[in-house]
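To keep things clear, I will list the structure first and then write my remarks on it.
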């Protein structure tokens with residue numbers, strides 16, 4: 001026989017002996033995660049002798065609603081509860097807590113847990129089916145004990161179902177030592193878009209936020225931190241990490257964003273993180289750190305694709321294949337001469353439409369729009385608008401290509417002002 | 001302390017300042033101003049002794065909220081839900097909505113009253129202010145709104161100026177602030193019962209349930225962590241002291257004018273402003289009335305917003321002004337509903353306004369003890385607060401404060417509902 005029961009119905013339900021006498025009441029459902037991450041391994045039962053642990057056997061649904069557990073052993077024989085740090089206590093760790101709905105990509109609060117109960121003879125098998133985050137669980141728990149069970153059941157049937165299958169739930173638990181662990185059934189966090197991950201992080205409490213952030217792989221973490229809009233939040237997340245881990249993330253970031261981030265950290269952390277970084281990335285970031293934040297130099301990134309003047313489309317495509325910078329910087333290939341003097345720019349689309357052996361020079365844009373390192377925000381933003389640019393090269397006094405500004409950076413900059 | 005250290009400290013303070021100052025100031029809303037005006041008109045300088053203990057109580061309670069927000073990164077309703085479950089949270093949120101609704105009504109009544117002093121009909125002023133308040137939060141963003149709120153906090157200075165213009169007896173003010181009340185206030189006072197109720201009224205108006213939720217959420221929203229917490233604590237302390245300084249000036253303004261001239265019976269805050277006019281001059285009248293308008297609009301902006309945030313957090317609905325209407329419908333409906341209904345109630349002719357206000361005061365009083373006790377239990381949870389739990393000494397002070405506040409509040413509730421002789 002198979003049926004669905006709610007955790008809230010199970011909690012507080014009676015444990016009865018052969019004569020129907022109540023010997024205790026269920027206080028907690030425990031999952032031993034090493035055995036099976038979804039199966040309830042036992043109940044904590046409050047008996048007259050204190051808290052006891054019972055296996056989940058002979059659980060019955062009472063006609064008209066509610067659950068009853070039959071146990072013919074006298075309470076003296078019931079086992080003492082064993083505390084294991086790895087156990088999941090459903091009432092304590094799941095009910096009312098915030099979880100990440102990996103499919104819906106947001107943070108929600110747990111109202112109830114739907115359990116699937118199968119009883120064959122003396123053996124009951126209870127598994128977590130879904131986590132209820134909607135009105136059903138809320139109403140059930142609010143009315144519990146105040147309204148007859150049957151009435152609650154019929155009422156709840158009429159409400160909308162809003163629940164998440166347990167495999168799409170990411171739970172975050174804080175243990176008494178304030179170590180936070182992320183309990184992941186399937187690691188789907190890294191598949192969520194970084195912008196949505198940033199929203200999720202903003203909705204969590206600080207300890208939970210740090211725990212989730214720590215589990216992200218470096219690339220996802222780097223993109224996510226770039227998407228977080230509040231600099232204070234960025235800083236506190238970075239400062240919560242080990243310096244070498246933080247350095248790995250900063251290396252993955254766009255050098256421009258990395259420099260802005262490090263500039264905001266207190267000097268102890270930024271120095272430590274810089275020290276842990278690979279030399280090439282460190283030098284890039286350090287160079288950018290010198291510039292005034294509000295000029296073109298402060299907004300540019302040093303990630304771009306550059307080829308020599310005699311290059312062909314093939315050379316450009318080879319360079320593109322080896323390129324590791326962000327996608328927002330690959331729209332244009334820059335042609336640079338001796339001493340990295342900027343000669344011209346070729347849109348990627350033109351290269352894609354040409355044969356590999358065609359030289360790049362004739363494909364260059366007729367007018368090369370550039371700005372100086374000390375250009376003001378207002379001025380280069382105007383260039384983007386006027387010439388419909390997706391990226392803009394920044395040159396120094398000698399005409400050397402110093403970096404590029406990308407459109408997404410300008411949009412972010414303008415949004416900060418309104 | 002050297003200059004550089006001072007400068008860094010000061011900059012850090014500016015970065016986190018706001019939540020404490022704003023919360024404490026909103027406390028001097030239309031209802032608060034009325035209470036202080038009455039105290040000054042009725043007793044002159046005699047009730048000033050309550051101000052210092054009140055300030056300490058306010059700081060103790062607010063500091064705990066700020067600390068919980070900074071350490072856990074969660075709002076108070078979040079924590080109550082996580083630690084004590086859905087049902088308690090639901091009942092609390094329900095009571096909070098009802099009593100905050102009463103408070104919103106008070107604020108709109110304050111708007112109507114203060115603008116009536118300048119001959120603006122309430123049928124014009126209340127709808128305009130309601131739309132302004134609604135749009136400011138829905139169309140603005142957190143940073144600009146906070147700046148506006150800080151500006152509004154600054155405008156409370158009008159009460160200080162009005163107080164100075166009333167030429168109070170400064171020596172007596174200082175003496176009455178720091179000395180315990182004379183025995184004759186209690187022994188052989190034939191109006192002892194009214195006196196005690198009025199004292200409790202002055203103390204009780206200081207700590208309201210919604211403040212705890214609002215302060216903690218805005219600390220979280222501001223991104224204050226354990227590291228910035230010291231600066232945040234300063235924000236709370238400065239806010240509480242400024243608020244009570246304003247209260248002192250309201251009391252002495254009324255004491256030096258109304259009390260001295262035998263005008264004892266003040267029914268509303270605008271009564272006080274009107275009575276000030278012939279005694280302290282046109283400017284004092286304008287400053288006093290403008291202060292009332294400012295306070296009412298300010299509180300009318302914060303209360304509905306804070307209520308919507310608190311309820312959504314606790315019950316798990318999407319919330320936040322950065323979300324769209326369709327993403328957080330419950331949040332926006334609750335927010336809009338509180339403003340619209342609150343404004344409408346004030347506009348209904350012959351509506352029993354006083355009863356609504358009294359009712360919400362009673363609910364405030366019933367709710368407050370529960371919230372304070374939950375706060376104390378939460379802040380002493382080691383798994384939540386780690387090393388930031390209360391020290392033994394602080395617990396002694398905090399529990400004393402909470403017990404005293406609770407007893408006073410319950411007596412106040414009784415005074416509202418007791419049969420009138």
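From the list B:309, B:335, which one is within 14 Å of chain A (Cβ to nearest Cβ), crowded, with 19+ Cβ neighbours inside 10 Å and assigned to a helix (DSSP H, G or I)?
The match here is B:309.
Test residue B:121 against the stated conditions and say whether it is surrounded by fewer than 22 Cβ atoms within 10 Å (Cβ to Cβ) and away from chain A (no Cβ under 14 Å).
yes
Which residues, counting only those in the stretch A:264-281, are touching a helix residue (DSSP H, G or I) at 6+ places or on another chain (Cβ under 8 Å) and closer than 28 Å to residue A:337 by Cβ?
Passing the criteria: only A:281.
Looking at A:49, A:70, A:58 in this structure, which one is under 16 Å from residue A:26 (Cα atoms) and out of contact with any strand residue (DSSP E or B) (no Cβ under 8 Å at 6 or more places or on another chain)?
A:49
When you check residue B:292 against the structure, is it modelled with pLDDT under 75, part of a helix (DSSP H, G or I) and more than 30 Å from residue B:84 (Cβ to Cβ), yes or no?
So residue B:292 does not fit the description; no.
Taking the stretch A:375-398, which residues are surrounded by fewer than 15 Cβ atoms within 10 Å (Cβ to Cβ) and either free of Cβ contacts under 8 Å to residues at least 12 places away in the same chain or not in a strand (DSSP E or B) (or both)?
Scanning the stretch A:375-398 gives A:378, A:379, A:382, A:385, A:386, A:387, A:388, A:397, A:398.
From the set of residues in the stretch A:109-138 that are under 10 Å from residue A:169 (Cβ atoms) and surrounded by fewer than 23 Cβ atoms within 10 Å (Cβ to Cβ), which is farthest from the other protein chains (Cβ to nearest Cβ)?
So the residue we want is A:130.
Just to be sure, is residue A:90 under 17 Å from residue B:85 (Cα atoms), more than 10 Å from every other protein chain (Cβ to nearest Cβ), modelled with pLDDT of 80 or more and touching a helix residue (DSSP H, G or I) at 6+ places or on another chain (Cβ under 8 Å)?
Yes.
Could you grab me the full set of residues in the stretch B:36-50 that are more than 15 Å from residue B:156 (Cβ to Cβ) and either within 15 Å of the chain's Cα centre (by Cα) or assigned to a helix (DSSP H, G or I) (or both)?
B:38, B:39, B:40, B:41, B:42, B:43, B:46, B:47, B:48, B:49, B:50
Just the residues that are farther than 15 Å from residue B:62 by Cα, away from every other protein chain (no Cβ under 14 Å) and not in a helix (DSSP H, G or I), please, taken from the stretch B:381-404.
Passing the criteria: only B:391.
Give me the residue from the stretch B:338-358 that is in contact (Cβ under 8 Å) with a residue 60 or more places away in the chain and within 24 Å of residue B:416 (Cα to Cα) and, out of that set, surrounded by the fewest Cβ atoms within 10 Å (Cβ to Cβ).
For the stretch B:338-358, the residue satisfying everything is B:353.
When you check residue A:100 against the structure, is it part of a strand (DSSP E or B), in contact with a strand residue (DSSP E or B) (Cβ under 7 Å, 6 or more places away or on another chain) and modelled with pLDDT of 80 or more, yes or no?
no
Hey, does the stretch A:256-265 have a residue that's in contact (Cβ under 8 Å) with a residue 60 or more places away in the chain and either surrounded by fewer than 21 Cβ atoms within 10 Å (Cβ to Cβ) or under 19 Å from residue A:409 (Cα atoms) (or both)?
yes
So how many residues does the stretch A:73-90 have that are within 23 Å of residue A:115 (Cβ to Cβ) and either in contact with a strand residue (DSSP E or B) (Cβ under 9 Å, 6 or more places away or on another chain) or crowded, with 17+ Cβ neighbours inside 10 Å (or both)?
Residues that pass the stated criteria total 10.
Please verify whether residue A:58 is over 30 Å from residue A:200 (Cβ atoms) and within 14 Å of chain B (Cβ to nearest Cβ), treating the condition exactly as stated.
When the stated conditions are applied, residue A:58 does not pass them.
Here's a check for you: in the stretch A:205-229, which residue that is modelled with pLDDT under 80 and at the interface with chain B (Cβ under 9 Å from one of its Cβ atoms) is surrounded by the most Cβ atoms within 10 Å (Cβ to Cβ)?
A:208
Can you tell me which condition residue B:206 does not meet? The list is (1) closer than 30 Å to residue B:320 by Cα; (2) outside any helix (DSSP H, G or I); (3) without any contact (Cβ under 8 Å) to a residue 60 or more places away in the chain, and all the others hold.
Among (1) closer than 30 Å to residue B:320 by Cα; (2) outside any helix (DSSP H, G or I); (3) without any contact (Cβ under 8 Å) to a residue 60 or more places away in the chain, the lone unmet condition for residue B:206 is (3).
Filter the stretch B:313-332 for residues that are part of a helix (DSSP H, G or I) and either away from chain A (no Cβ under 14 Å) or surrounded by 23 or more Cβ atoms within 10 Å (Cβ to Cβ) (or both); which is modelled with the highest pLDDT?
Looking at residues that are part of a helix (DSSP H, G or I) and either away from chain A (no Cβ under 14 Å) or surrounded by 23 or more Cβ atoms within 10 Å (Cβ to Cβ) (or both), I get B:332.
What residue, among those in the stretch B:66-77 that are more than 27 Å from residue A:147 (Cα to Cα) and in a helix (DSSP H, G or I), is nearest to the other protein chains (Cβ to nearest Cβ)?
B:72
Condition check: assigned to a helix (DSSP H, G or I), under 17 Å from residue B:153 (Cβ atoms) and within 14 Å of chain A (Cβ to nearest Cβ). Does residue B:219 satisfy that?
yes
Every residue, every condition in (1) assigned to a strand (DSSP E or B); (2) in contact (Cβ under 8 Å) with a residue 24 or more places away in the chain; (3) more than 19 Å from residue A:121 (Cα to Cα), yes or no:
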| site | (1), (2), (3) |
| --- | --- |
| A:5 | yes, yes, no |
| A:8 | no, yes, yes |
| A:15 | yes, yes, no |
| A:26 | yes, yes, yes |
| A:37 | no, yes, yes |
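Only one of these is closer than 28 Å to residue B:73 by Cβ and modelled with pLDDT under 80: A:128, A:184, A:123, A:200. Name it.
Criteria check complete, one pass: A:184.
For residue B:61, state whether it is touching a residue at least 60 places away in the same chain (Cβ under 8 Å) and over 30 Å from residue A:28 (Cβ atoms).
So residue B:61 passes the test.
The values are calculated or read from the model by the stated rules, or taken from the named source; none is laboratory data. Predicted model, so just to flag it, every value in this text is computed and none were measured. Here the Cβ is made from the backbone with ideal geometry for all residues, glycine too, and neighbour counts use every protein chain on show.
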